[in-house]
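Accompanying notes for the structure given below.
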Amino acid sequence: MSSIHLVCGEKGGVGKSVLARLIAQYCIDRAIPFTALDGDRSHGALLRFYNDFSSSIDLDHYESADEIVHHALESERVVLVDLGAQSNKALQRWISDNGLVELCQEMNMPLLFWHVMDDGKDSVDLLEQLLGRFGDTVSYVVVKNKGRGNRFSIFENSNAKEKAMAVDAHIIELDQLYPGTMNKIDEINSSFWAAANNREPQAGRCLNLLERRRVKIWLENGYRTLDELGCFSMKSEASASVQLID
């Protein structure tokens, strides 16, 4: 059974693309069939770091956005969509005009919104809007991104959290990868796998020993969280793990 995973948050700079890259790497390492679609026209992180697995979509053009469903129907797979900031209006219009929620329900195809948050009030307000729009008709994973803040008291004391819990939303934390290491990964245009494993000293195009270990431990923690969610039903029993011995 295919599933559609929409990595959203509407607000820029909350770490949507980092989560999308983590999920993409998770699917690769767990041998989960997936297709990655990059809807961020300004940054395009999936296209940049996972080009072999990704293609672009434009939510303003239905022929392009329809690829989300077409890929889900082609074969059993995870369809991962990284949405850019300020894409919510176009996304909701496309969902509404095509009756996507009802279609997914009819086909028993999970539709998940991954709402990525920093620790500010804007992220909480946007979550409440999302919940108000779709209610219990879809599934949610609320991601407290500790790379964009570590004081989530506004969310913890909010009506949005109560509403999320009422519709059985998953609430998880995404650990911070040390900023210097993340910046270096971005600088050398590396996938997380290459960052954790590449040792070839080609003009400084790899991380040093401790940087690689930081990435491996961060991936292990992230994978453990994704495993516990149970949102990826096609996980291979012979799935690979991230080796911590360097």
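On the given criteria, is Ala164 out of contact with any helix residue (DSSP H, G or I) (no Cβ under 7 Å at 6 or more places or on another chain), under 27 Å from Ala65 (Cβ atoms) and at pLDDT 95 or above? No. Remark: pairs (first residue in segment 197-221, of a type in the set (Phe, Trp, Tyr); second residue modelled with pLDDT under 90 and part of a loop (DSSP other than H, G, I, E, B); Cβ separation under 7 Å; 6+ apart in sequence or on different chains) are absent. Looking only at segment 202-226, residues that are part of a helix (DSSP H, G or I) and touching a helix residue (DSSP H, G or I) at 6+ places or on another chain (Cβ under 8 Å) come to 9 in all. Against the conditions (1) in a loop (DSSP other than H, G, I, E, B); (2) under 20 Å from the mean Cα position of the chain (by Cα); (3) not aromatic (Phe, Trp, Tyr), Ile172 satisfies every one except (1). Within segment 191-201, one or more residues are closer than 26 Å to Gly44 by Cβ, over 20 Å from the mean Cα position of the chain (by Cα) and part of a helix (DSSP H, G or I). Among the residues of segment 3-29, the ones that are at pLDDT 95 or above, of a type in the set (Gly, Ala, Ser) and not in a strand (DSSP E or B) come to 2 in all.
If I filter segment 144-161 down to residues being charged (D, E, K, R) and at pLDDT below 95, which single residue comes out as nearest to Leu111 (Cα to Cα)?
First, pick out the residues of segment 144-161 that are charged (D, E, K, R): 144, 146, 148, 151, 156, 161.
Next, only the ones that are at pLDDT below 95 stay: 148, 151.
Values: Arg148: 26, Arg151: 29 Å.
Once the filter is applied, the top-ranked residue is Arg148.
The values are calculated or read from the model by the stated rules, or taken from the named source; none is laboratory data. Just so it is clear, the model here is predicted, and its values are computed rather than measured. Reconstructed Cβ throughout: ideal geometry from the backbone, glycine too, with neighbour counts over all protein chains shown.
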